[in-house]
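Scroll down for the structure; my scribbles are underneath it.
The values are calculated or read from the model by the stated rules, or taken from the named source; none is laboratory data. Remember, it's a predicted structure, so these values are computed and weren't measured experimentally. Methodologically, a virtual Cβ is constructed for each residue, glycine included, from the backbone with ideal geometry; neighbour enumeration extends over all protein chains shown.
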Amino acid sequence: MTKKTFLFVVAVFFSVHAILDFLRMMFDWSVNVGGVEVPTWTSGMLFIFSVFMVYWSFLISKEEKKPEEPQE
């Protein structure tokens, strides 16, 4: 797997995660973990993190290799 392919897969995964977090906030879906309800604000924080990861993954995958400077 190349670096570009890996970063694309990461971006797709975090895109799906961001969409699900956004939908959870919009529709006020409840999530229980071990009998404790997870607050909605955690989805807000995870949404921001996921969007950042998508942006970062696409940014790094689009970077072009810079030509190396000749050594003297």
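Residues of the range 47-72 that are at pLDDT 90 or above and small (Gly, Ala, Ser): Ser50, Ser57. Name the single residue that is nearest to Val51 (Cα to Cα) among those in the range 11-31 being free of Cβ contacts under 8 Å to residues at least 12 places away in the same chain and aromatic (Phe, Trp, Tyr). Among residues in the range 11-31 that are free of Cβ contacts under 8 Å to residues at least 12 places away in the same chain and aromatic (Phe, Trp, Tyr), the one nearest to Val51 (Cα to Cα) is Phe13.
Scanning the range 32-61 for residues that are in contact (Cβ under 8 Å) with a residue 12 or more places away in the chain and aromatic (Phe, Trp, Tyr) turns up Phe47, Phe58. Take the residues of the range 9-54 that are among the small types (Gly, Ala, Ser) and either more than 19 Å from the chain's Cα centre (by Cα) or assigned to a strand (DSSP E or B) (or both): which is surrounded by the most Cβ atoms within 10 Å (Cβ to Cβ)? Only one residue tops the list, namely Ser30. Of all residues in the range 13-46, those satisfying the criterion of being at pLDDT 95 or above and of a type in the set (Val, Ile, Thr) are Val16, Ile19.
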